[in-house]
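Peer 1: Below: one structure in structure tokens.
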Amino acid sequence: MNTLGNLSKLEQTPKAIFAHYDSGEARIEVFKSGIVHLTVMRGKDEMKSFAVIDSPVDIPASSMKIGKADVELAGPGGTFNFHLENLEFSFIPKSGVNSLDLKGVQFSDTGLVAEFDIHGARNFYGLGEKTLPFNKYGTRATMWNSDFPAYTVRFDPLYESIPFLLKSDPQGTYGIFLDNTSRTTFDVCATDSDQIVYTAKEGAFELYVIPGKNPAEVVGKFSELTGKMHMPPLWALGYQQSRWSYYPEARVLELARGFRENKIPCDVIYLDIDYMNGYKCFTWSPKNFPTPKEMLDTLHGLGFKVVTIIDPGIKDEKGYDVFESGMKDSVFVKKPDGSHFTGQVWPGKCVFPDFFNEKTRKWWGSQYKFLLDYGVDGFWNDMNEPSVFDSPNKTFDLDVVHLVDEGQSVENEEQISESKTQMEKFARHVAVHNAYGMQMARATREGLERLEPNLRPLVLTRANYAGGQRYAAMWTGDNFASFAHLRLALSMFLNIGLSGQPFVGSDVGGFIGDPSPELFSRWLELGVFSPFFRTHSVINSKPREPWAFGEPYTGINRNIIDRRYELIPELYSEFKNAHDTGLPMVRPLFLNYPEDQKSYELSDEFLFGDKFLVAPVLDSGKVKRNVYLPSGNWMSFYDGKLISEGWHEFDAPLGMTPIFVKDGGVVFTQSLVQSTSDQADTLILKVFSMKRGKGSAYFDDGVTRDYRDGKYLAMDVTFGAEDKTDVLDFGLKGDYVPGYKFIAVEIPFTERIPYHDGVLETVSGNQTFAPVRDERNGFMRVTFPFSPKIKRIVLK
Ligand code: MIG
């Protein structure tokens, strides 16, 4: 017996086992790679998932045992036992330790409660965008997308919800995903030291248990379930400059020229709400931006892209074409009585698109044509928690109705009516709140893809939900100009990345307040390795261009941003890896070193992909940094000096983040450019090894989707040192030809070199060069002409 009543029968189909109760139903499904999904629903609580894009597979009969009320599934990741009479379930991982027991699911008028015994597990990560400690053990989190400017450390909830928890420690790992878009809470052993208590206000209990050999496998499987990050345009990896707001036109142009005159690379300028006419979406302010087309042409000529902000609120104003067309097509959110829900946001009284249905998403997507026609390159969706200034709960009324059609027909949408079958297509806001921002980002992305089918859009969103990586990059909202927030930003990136969303950044310098020059430079240093790298600040903040603080800071900031641009080939390749595997670029040490107990506590240093370890300075006044290097040998990125594993103290003067490369890595860098729209002259392979090394890089045109049809170049290189000869072997795949003129190799300097001969072997023959040698910082550089047919470089 449980709160759904008695179990009346078990039923089996190839893809599911159903348990029927007096007032509800449970269902067991299996997904690829051994993910087990348990749904428990009261009556008709179930809703199609916004997060999950994968489909269940046939349950392998050989691994299943069904009794009268019990089911056992034995998979490669462990054993799952269901006791369906009382809705209990246990997962015993292969390792046999830290099993996970669900102690029933109870439904009541206030929602559902489920308790899990965790049997000694003490390390939990994920949960998306949270300001709670890195390890979520001992914390309580709420999932309810909320706009809270100037949030503080431990403030919760914020803009985005990803109800995914990763248990990982040297004993083993698993993931649990509790898919529900209403208000949910996770008490991760804050009340009972060995129990997770989960509650959901509305909807069904949807538990996915993700087994895995190691945390990377679990995170990878979660991304199979909920989708991968899109491949962004290359320019989205460049440095980006924003503030609330740069206007008028002349100031925007002056800003752009400032970058070029100061020789500080930059790719993107952001226009915050003041570019609009009275904050109305899809308009230009005639006063501040009288000639947007000309301005955009000039900016493009200077090598800049432009991203404009777009909020969901549409001004309720007769004659405003976006409002009129939306009213005509009936796309705005309604109250249960059929009238429109309105609320105050920037433009004044607004209506809000109901992004949950396809008709509205199409309508919304097509609005972007207005801005694309002027040449705007990317879009920034803000306020989409949704945030409403004047409503008592700061968001939509909980009973407004959304038409959740997932592509179904919407003919009778006018009548939010008595008809039962129709009502099922509607969801009250309270049940879908956490997916509103994600569906806005989706409408934006899908619209842009329809309008410019061969371009990769950049969409940035503030609110999001699990799976939202399929639609947009995200930033961590209105943070604060303090060292505490710099530290927090990194810990947030790590958990957001583990939650399936690799493309993340924070407002460099802190949104609210004015950073000291030192804090700003330190934040830029973290920015070099932040997937999304944008400076942004609140209205009336002091100037925060990289040259705003004068020397020596201008020079320091230039060097920092230059480093980002030198690393672009490597960063882009890591983006491609994340797009392919779902693993984040910015990752905690334990993702690669799961056996290392120490790695579970460290959130102030991180790995970038498999090669880099980065230890930013996160304290004021510090010029040294203690760094923990996990197992193996490491080399300093700056001078190739060999360093052994363990704790070390390193110098870290302003502008110099300690960066290390795993011994055996070949890192792809390039010569300096002022934006990614410039072609760098030289591709530079930096070898971090004395003996054997390898690396790979990915190139494509950076803007179109042609890479899907073979227009890319995947370059694998292996390095080997023998006696008096160093050899680099190249493996190439794909038919894209990068525009480099030269390829240079940098090898740690030893007495074996300088070289006398360099041979470049290509498929069309060999060429011998007297190497143009260049000694710098412990490395010897040899340069050859770049050939897309390169097979091997021999240095003697
Ligand atoms: O109510 O558009 O987080 O980045 O500058 C504030 C103005 C609305 C909040 C965003 C911030 C942006 C600001 N917005």
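Peer 1: Would you check which residues across the range 782-796 are within 17 Å of K724 (Cα to Cα) and surrounded by fewer than 19 Cβ atoms within 10 Å (Cβ to Cβ) and list them? Working first, answer last.
Peer 2: First, pick out the residues of the range 782-796 that are within 17 Å of K724 (Cα to Cα): 782, 792-796.
Matches in the range 782-796: R792, V794, K796.
Peer 1: Okay, next question. Mind listing whichever residues of the range 492-528 are over 21 Å from T461 (Cα atoms) and in a loop (DSSP other than H, G, I, E, B)?
Peer 2: Scanning the range 492-528 gives G513, D514, P515, S516.
Peer 1: In the range 224-233, is there at least one residue being surrounded by fewer than 23 Cβ atoms within 10 Å (Cβ to Cβ) and assigned to a helix (DSSP H, G or I)?
Peer 2: yes
Peer 1: I would also like to ask the following. Among D147, D187, D156, D192, which is among the charged types (D, E, K, R) and outside any loop (DSSP other than H, G, I, E, B)? Steps first, please.
Peer 2: Details: D147 fails: outside any loop (DSSP other than H, G, I, E, B); D156 fails: outside any loop (DSSP other than H, G, I, E, B); D192 fails: outside any loop (DSSP other than H, G, I, E, B).
Checking each option against the conditions leaves just D187.
Peer 1: Please pick out the residue among D377, D382 that is at pLDDT 95 or above, buried (at least 21 other Cβ atoms within 10 Å of the Cβ), more than 27 Å from G348 (Cβ to Cβ) and of a type in the set (D, E).
Peer 2: Criteria check complete, one pass: D377.
Peer 1: Being within 16 Å of the ligand (Cβ to nearest atom) and either among the polar types (S, T, N, Q) or not in a loop (DSSP other than H, G, I, E, B) (or both) is the filter here, so list the residues in the range 287-323 that pass it.
Peer 2: N288, V306, V307, T308, I309, I310, I314, K315 - these are the residues of the range 287-323 that are within 16 Å of the ligand (Cβ to nearest atom) and either among the polar types (S, T, N, Q) or not in a loop (DSSP other than H, G, I, E, B) (or both).
Peer 1: Also, quick follow-up: In the range 1-57, how many are charged (D, E, K, R) and closer than 17 Å to L225 by Cβ?
Peer 2: 6
Peer 1: Ok, one more. I want to confirm something. Restricting to the range 74-124 and keeping residues that are outside any strand (DSSP E or B) and touching a helix residue (DSSP H, G or I) at 6+ places or on another chain (Cβ under 8 Å), which single residue is nearest to M1 (Cα to Cα)?
Peer 2: Filtering the range 74-124 for residues outside any strand (DSSP E or B) gives 76-77, 84-87, 94-99, 109-110, 118-123.
Next cut, touching a helix residue (DSSP H, G or I) at 6+ places or on another chain (Cβ under 8 Å) only: 76-77, 123.
On the way: P76: 31, G77: 30, N123: 33 Å.
Only one residue fits best here, namely G77.
Peer 1: Step by step: first the residues of the range 516-562, then only those that are within 16 Å of the ligand (Cβ to nearest atom) and either without any contact (Cβ under 8 Å) to a residue 40 or more places away in the chain or among the aliphatic types (A, V, I, L, M) (or both), then the one that is nearest to F637 (Cα to Cα). Which residue is that?
Peer 2: W523
Peer 1: Let me ask something else about it. Suppose the filter is modelled with pLDDT of 95 or more, under 20 Å from S573 (Cβ atoms), out of contact with any Ser or Thr (no Cβ under 7 Å at 6 or more places or on another chain) and part of a loop (DSSP other than H, G, I, E, B); does G731 pass it?
Peer 2: Values: modelled with pLDDT of 95 or more: yes; under 20 Å from S573 (Cβ atoms): yes; out of contact with any Ser or Thr (no Cβ under 7 Å at 6 or more places or on another chain): yes; part of a loop (DSSP other than H, G, I, E, B): no.
Criteria not met by G731.
Peer 1: Out of the residues in the range 437-480 meeting the condition of being farther than 17 Å from P232 by Cβ and either out of contact with any helix residue (DSSP H, G or I) (no Cβ under 9 Å at 6 or more places or on another chain) or part of a strand (DSSP E or B) (or both), tell me which one is farthest from the ligand (Cβ to nearest atom).
Peer 2: Y465
Peer 1: Something else now. Right, D354: away from the ligand (no atom under 16 Å from the Cβ), surrounded by fewer than 20 Cβ atoms within 10 Å (Cβ to Cβ) and either of a type outside the set (K, R) or over 33 Å from the mean Cα position of the chain (by Cα) (or both) or not? Can you show your working first?
Peer 2: Numbers: away from the ligand (no atom under 16 Å from the Cβ): yes; surrounded by fewer than 20 Cβ atoms within 10 Å (Cβ to Cβ): no; either of a type outside the set (K, R) or over 33 Å from the mean Cα position of the chain (by Cα) (or both): yes.
It is false that D354 is away from the ligand (no atom under 16 Å from the Cβ), surrounded by fewer than 20 Cβ atoms within 10 Å (Cβ to Cβ) and either of a type outside the set (K, R) or over 33 Å from the mean Cα position of the chain (by Cα) (or both).
Peer 1: Please pick out the residue among G326, G338 that is part of a helix (DSSP H, G or I) and either in contact (Cβ under 8 Å) with a residue 12 or more places away in the chain or under 25 Å from V508 (Cβ atoms) (or both). Spell out the reasoning first.
Peer 2: Values: G338 fails: part of a helix (DSSP H, G or I).
Only one candidate passes the filter, namely G326.
The values are calculated or read from the model by the stated rules, or taken from the named source; none is laboratory data. Computed from a prediction, not measured in an experiment: that's the story for all the values here. Virtual Cβ from ideal backbone geometry, glycine too; neighbours counted across all protein chains shown.
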